[in-house]
Every structure is written in C-alpha cells, then in structure tokens.
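The values are calculated or read from the model by the stated rules, or taken from the named source; none is laboratory data. All values reported here derive from a predicted model rather than from experimental measurement. Cβ placement follows ideal geometry from the backbone for every residue including glycine, while neighbour counts extend to all protein chains displayed. To get the accessible areas, we keep the full protein, side chains included, count just its heavy atoms, and leave off ligands, DNA and RNA. Shrake-Rupley method; radii C 1.70, N 1.55, O 1.52, S 1.80 Å.
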Amino acid sequence: MGGEAGERRLGRAMSFGIPDVALGLVMGFVEDPWDRDAISLVCRHWCRVDALSRKHVTVAMAYSTTPDRLFRRFPCLESLKLKAKPRAAMFNLIPEDWGGSASPWIRQLSASFHFLKALHLRRMIVSDDDLDVLVRAKAHMLSSFKLDRCSGFSTSSLALVARTCKKLETLFLEDSIIAEKENDEWIRELATNNNVLETLNFFLTDLRASPAYLTLLVRNCRRLKVLKISECFMLDLVDLFRTAEILQDFAGGSFDDQGQVEESRNYENYYFPPSLLRLSLLYMGTKEMQVLFPYGAALKKLDLQFTFLSTEDHCQLVQRCPNLEILEVRDVIGDRGLEVVAQTCKKLQRLRVERGDDDQGGLEDEHGMVTQVGLMAVAQGCPHLEYWAVHVTDITNAALEAIGTYSSSLNDFRLVLLDREANITESPLDNGVRALLRGCTKLRRFAFYVRPGALSDVGLGYIGEFSKTIRYMLLGNVGESDQGLLQLSTGCPSLQKLELRGCFFSERALAVAVLQLKSLRYLWVQGYKASPNGTDLMAMVRPFWNIEIIAPNQDEVCPDGQAQILAYYSLAGMRSDYPHSVIPLYPSV
C-alpha cells in the first residue's frame with residue numbers, strides 16, 4: 001500500500017496538480033507519436049492518461065503486436081492505421097504469399113475498439129468475409145475507411161460498405177487490386193445511400209466507373225471535395241464537372257478512348273469547376289493540355305506522371321501554374337523543365353520526379369533527362385521544398401551541396417541515380433552527401449539509391465555522423481566494405497527503419513550494425529553476402545526481435561542478389577502464417 005500511495009504522490013507531483021481531464025486535453029494537442037511516447041514514459045500515471053487520451057495510432061508492422069495488446073494499451077482509440085507487407089512489396093520484391101492477412105485484426109477490431117471511427121489498412125490482404133465482419137460491427141460508426149494497396153476483396157463487398165456505412169466521409173481504395181472490377185453497382189449504392197461523403201478515391205485501380213453513376217454521386221453528395229477515379233473518358237465527364245460545385249481535387253479520367261475517332265474529340269471550352277485546386281489526368285497529350293491553361297493559375301497540385309507530354313509541353317504548362325505547391329512528373333521534364341519550375345513555382349513544397357519509360361515514343365529527347373543542372377536550379381529557386389523525390393541520370397557533389405545550402409526545410413529527400421549513362425560526372429559523392437545532411441537538419445526520411453562506387457565507406461560514415469534526426473533510410477549500392485556500414489551504425493541515433501539493397505555487406509556486419517543502432521525497429525535487406533543457413537545473423541538476436549529469411553525458392557540456394565532479410569521488433573512473438581518461401585530464423589519453429 002505504501003508503494004501505491006508513493007506512486008500516487010509521484011504522479012500528482014509530476015502532473016503539477018493538473019487534473020486528469022485537463023492533462024488529457026493537453027496531451028490531445030501533442031500529435032507527434034515520438035512526443036507521446038516520451039510523455040508516457042514520465043511515470044505510470046502519465047502513461048495511463050496517455051492511454052486513455054490517445055485517439056490515433058499507426059502500427060507500422062502488423063506482426064509487431066497483437067490486436068488484443070493494442071486494445072489493452074489504448075482502449076479509446078478512434079483512428080487506426082495498420083501496415084502489413086514490407087514496402088518492397090510495392091516493387092514486386094516480396095513473394096505474393098508472404099502474409100499480411102487482415103483477418104485477425106478485423107475480428108478483434110470488430111469485437112472491441114468501441115470508439116473506432118477511422119480505419120486505414122495498407123498493403124494487407126482483406127477478404128470479403130473480413131469486410132462483412134467489420135461492416136456488421138462498425139457500419140454505424142465508420143467515418144473514414146481506407147484500403148490502401150490492398151487486395152483480396154470484391155466489388156460485392158464495396159457495395160455492402162456503400163449501402164450500410166451511411167456516415168462514411170472518406171472511402172479510399174487507391175492502387176488496390178479488386179475482384180469483379182466490371183461491376184460498378186457499388187458506386188450507385190454509395191450515391192443513393194450516402195449524402196455526407198467528402199472523399200472518394202479509387203485512382204490507379206481497374207474498377208469500371210459509369211459516368212452516369214459518378215454524376216449521380218456528385219449530385220447527391222454535395223460535400224464531395226475529393227474525387228479520384230479510374231480510367232473514364234473525359235468527354236463523358238462534362239456533366240459531372242458542371243455538377244461538382246465544390247470539387248477541389250480530381251484525379252483519373254482519360255483522354256484516350258479507343259472507340260472514338262481522334263478527329264471527333266473536341267476539348268475546346270472544356271469546363272472544370274472553379275473550386276478545383278488539385279489535378280491529375282491520365283493519358284493527356286499535347287493537343288489536350290490546353291484545356292488546363294485557363295485553370296493553371298488556381299492550381300496548387302498538378303500530377304503529370306501519367307501523361308504523354310514532352311519536355312516542351314511541361315515547360316509551357318508549368319509556366320501557367322505559378323501557385324503550385326505540389327508537382328509530380330516523370331523525368332521527361334528534363335533539366336529545362338526543372339529550370340522553368342524553379343523560375344515559376346516559388347511556393348513549391350513537394351516535388352516528385354519519377355522515372356519515365358526508357359522508350360517513350362520519341363518524348364525522351366535530348367532535353368528529357370534530369371541531371372545536376374536541374375537539381376541546382378530547383379534548390380536555388382524553390383526555397384520552401386519539404387519533400388523531394390527525384391530520379392536523375394547524372395549528379396555531382398556540387399548539386400548535393402546546393403540542396404544542403406538552399407533546401408534547409410526538407411524533411412524528406414530521396415534520390416535514385418539511373419543507369420542510363422555509362423558514367424557519371426563525379427564519383428564518389430561523399431562530400432556532397434555530407435553537405436546535404438549538414439544543411440538539411442529537419443530531415444526525417446532519406447533515400448539514396450545510386451550505383452556501385454558512387455558512395456564510399458567514407459560517405460557512409462558521414463551519413464552516420466550527420467543523420468541525427470533521420471528515422472527512415474533507404475540505401476542502394478552504397479559502400480565498399482563492411483567497415484562503411486559499421487561506421488554508419490555508430491551514428492543515426494533516431495533511425496527506426498532501415499532498408500538496404502545491393503550493398504553486399506556480410507551477415508556479421510549486418511548483425512553488429514543492428515545491435516549498434518539503438519532505435520532500430522525494422523530492417524529489410526536484399527542483396528548481401530549470404531551464408532547457406534544464416535548462422536552469422538544470429539548475432540543480432542535480442543529480446544522481441546523477429547528475423548526472417550525470404551527466398552524466391554526455398555529448394556534452391558539463394559544467389560547473393562536475391563537473398564532477403566526481414567527483421568523487426570515484435571511483442572507478438574513468432575508469427576504463425578509463414579509460407580514456404582519464408583524461413584523463420586528467430587524465434588525458430
């Protein structure tokens with residue numbers, strides 16, 4: 001009793017006399033999970049208040065805990081984001097049968113989590129039965145439901161969700177694989193049963209979408225501000241846009257209709273609602289891009305990744321969009337296009353330059369490559385960049401130094417060096433990486449995927465030394481020896497998630513690095529010096545640490561370039577759904 005009384009006195013002392021209700025309200029303004037975790041460690045009393053006041057949790061790895069444990073820790077959750085398959089699954093690097101079923105979670109979420117209003121499942125397998133269980137239990141409460149890069153369900157289940165979840169404000173299905181894709185009755189169900197919908201997103205899916213049903217949806221859901229759809233011929237969406245009075249964000253459509261003669265396509269005076277701020281159009285070419293000219297000055301986001309525009313087209317279009325905050329393109333924009341971005345888009349906060357097809361039907365002209373020239377222009381011309389992901393054909397230390405000097409607001413930087421040219425201007429890039437990391441002190445996420453020789457062991461040492469705040473890191477084809485990885489692992493005090501590809505470090509070095517990275521919770525490696533049975537990896541064994549070896553074919557010895565390691569922190573112990581392609585190294589079966 002004396003111990004409990006002492007604990008209560010300590011709790012009151014640490015709370016400075018603040019009542020629990022007030023303390024919970026104050027904690028409600030603390031959104032960063034790291035800060036909330038730090039608060040919960042002050043004392044048991046604060047931990048209990050944090051547990052009762054925490055409204056949102058992200059579980060970055062579904063196998064890291066159990067639904068029951070999460071419910072006991074946070075019984076009042078209103079919002080949950082849950083990820084399962086490794087990020088590498090997005091690039092077809094993880095076996096299809098790896099795992100990631102949502103069934104155990106959905107059963108527990110449906111039986112408990114009595115305040116749950118928002119659910120976001122990412123890279124998970126969600127069956128029709130799962131959705132049936134969830135809807136029966138939570139249809140009266142769900143306001144946001146996101147199936148993000150998920151698979152395993154059909155349009156029949158979507159119709160059930162649309163028909164019964166009448167409070168749904170957000171339905172998100174982007175990049176998911178859905179069965180019975182030709183059945184679009186679920187859109188009609190959504191249109192006739194929901195009048196509070198604000199966001200509908202089934203962009204980058206193969207779902208069929210009837211223009212009549214979409215127009216009905218917009219007419220009945222007067223709050224709809226975000227509509228992202230699959231391919232649907234733009235000339236069939238004229239009535240939709242004239243009805244969508246407050247639409248701010250549109251993605252999808254298509255300027256490519258195989259059943260219509262090109263000469264009969266007339267986009268003159270095409271209408272978009274004046275409220276439109278963010279736009280992504282499919283298969284738009286030079287002849288069609290003029291429909292955007294009257295609206296360019298109002299746009300804050302423009303996604304041109306799925307268009308047929310040349311370098312010159314990008315220049316003409318970007319010049320008409322001076323208020324862009326988000327721009328997503330392919331590298332056909334070239335250095336010349338990025339120079340126009342730097343001169344025009346002074347408010348730009350997010351820039352994504354993806355790799356285009358190596359054969360782009362003539363669009364990849366001599367200007368359609370991104371190099372240090374374009375990067376230096378953007379760094380100097382767009383001082384408010386916070387996110388920058390770019391695929392480059394060439395890069396120099398000076399360009400990286402310019403980013404460190406002028407882009408100090410960056411919190412997420414990702415660079416991929418393509419192998420289109422036999423040689424790059426300058427190598428290694430050690431000094432440039434050091435300057436970038438020293439200048440960009442707000443970085444939380446960092447990816448540097450280059451080619452062998454572009455970053456030496458010295459450069460890896462710089463990454464360890466100057467990555468004080470980085471929590472996620474992806475490195476590809478870096479380093480010369482194990483010593484570089486060991487140097488990196490003596491730093492990076494905040495690093496929680498590390499992905500390595502094509503670096504060919506030894507198992508022993510990987511194990512030592514894991515033990516030295518004190519904050520590390522997740523490791524994925526493809527391409528390392530693999531032993532036949534992974535013996536040296538056992539050196540990284542520690543409590544609550546799961547280690548898996550992923551092989552393309554368990555009957556064959558993995559070549560160095562194919563062996564994969566997945567290791568992660570878990571309170572749930574060894575998972576029970578290993579496929580044949582996954583070898584549980586620790587805990588062992």
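Summary table
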quantity	calculated
Any hit, the range 77-90, residues being touching a Leu at 6+ places or on another chain (Cβ under 7 Å) and part of a helix (DSSP H, G or I)	no
Residue satisfying condition, being modelled with pLDDT under 90 and farther than 27 Å from LYS518 by Cα, within set PRO559, PRO587, PRO579	PRO559
Neighbours by Cβ (under 6 Å, 6+ apart or cross-chain): first from the range 80-107, at negative phi; second in a helix (DSSP H, G or I) and of a type in the set (Gly, Ala, Ser)	LEU82/ALA62; ALA84/ALA62; ILE94/ALA88
Residue within the range 64-72 that is at pLDDT below 95, of a type in the set (Val, Ile, Thr) and open to solvent by less than 30 Å² (accessible area, probe 1.4 Å) present	no
Residues (among the hydrophobic types (A, V, I, L, M, F, W, C), under 19 Å from the mean Cα position of the chain (by Cα) and open to solvent by 20 Å² or more (accessible area, probe 1.4 Å)) located in the range 443-493	LEU474
Matching residues, the range 244-296, being open to solvent by 50 Å² or more (accessible area, probe 1.4 Å), modelled with pLDDT under 95 and of a type in the set (S, T, N, Q)	GLN258, GLN260, SER264, ASN266, ASN269, THR286, GLN290
Filtered residues of the range 372-392 (kept if surrounded by fewer than 20 Cβ atoms within 10 Å (Cβ to Cβ) and of a type outside the set (Asp, Glu))	VAL373, GLN380, GLY381, PRO383, HIS384, TYR387, ALA389
Per-region count, the range 314-332, residues open to solvent by less than 10 Å² (accessible area, probe 1.4 Å) and in contact with a helix residue (DSSP H, G or I) (Cβ under 8 Å, 6 or more places away or on another chain)	9
Residues of the range 131-170 that turn out to be open to solvent by 40 Å² or more (accessible area, probe 1.4 Å), among the charged types (D, E, K, R) and assigned to a helix (DSSP H, G or I), as a count	3
Count - residues of the range 47-63 that are of a type in the set (Val, Ile, Thr) and open to solvent by 50 Å² or more (accessible area, probe 1.4 Å)	1
Enumerated helices (runs of 4 or more DSSP H) restricted to the range 424-523, each holding at least 1 residues that are in contact (Cβ under 8 Å) with a residue 40 or more places away in the chain and under 28 Å from ILE549 (Cβ atoms)	507-516
Filter result for LEU80 (modelled with pLDDT of 95 or more and under 25 Å from VAL196 (Cβ atoms))	yes
Pairs where the first residue, in the range 310-338, is under 14 Å from ARG352 (Cβ atoms) and the second is buried (at least 20 other Cβ atoms within 10 Å of the Cβ) and of a type in the set (Asp, Glu), C-beta under 7 Å, 6+ apart	VAL332/GLU364
Residues of the range 91-115 classified as touching a Leu at 6+ places or on another chain (Cβ under 7 Å) and either under 13 Å from ASP577 (Cα atoms) or part of a loop (DSSP other than H, G, I, E, B) (or both), total	3
Residue that is farthest from SER156 (Cα to Cα), among those in the range 225-235 that are modelled with pLDDT of 95 or more and open to solvent by 10 Å² or more (accessible area, probe 1.4 Å)	LYS225
Close pairs (6 angstrom Cβ cut-off, 6 or more residues apart or separate chains): farther than 17 Å from PRO19 by Cα in the range 43-63, open to solvent by 40 Å² or more (accessible area, probe 1.4 Å) and in a strand (DSSP E or B) anywhere	THR58/LYS81; ALA60/LYS83
Residue within the range 352-364 that is of a type in the set (A, V, I, L, M, F, W, C), open to solvent by less than 40 Å² (accessible area, probe 1.4 Å), in a strand (DSSP E or B) and within 19 Å of LEU304 (Cα to Cα) present	yes
Condition check for GLU182: at pLDDT 95 or above, acidic (Asp, Glu) and open to solvent by 10 Å² or more (accessible area, probe 1.4 Å)	no
Within the range 115-130, tally of residues that are under 24 Å from TRP98 (Cα atoms) and either touching a strand residue (DSSP E or B) at 6+ places or on another chain (Cβ under 6 Å) or surrounded by 18 or more Cβ atoms within 10 Å (Cβ to Cβ) (or both)	11
Candidate set from the range 78-105 (those that are closer than 27 Å to GLY28 by Cβ and out of contact with any His (no Cβ under 8 Å at 6 or more places or on another chain)); member that is surrounded by the most Cβ atoms within 10 Å (Cβ to Cβ)	TRP105
Count of residues meeting criterion [among the hydrophobic types (A, V, I, L, M, F, W, C) and open to solvent by 40 Å² or more (accessible area, probe 1.4 Å)] in the range 417-442	1
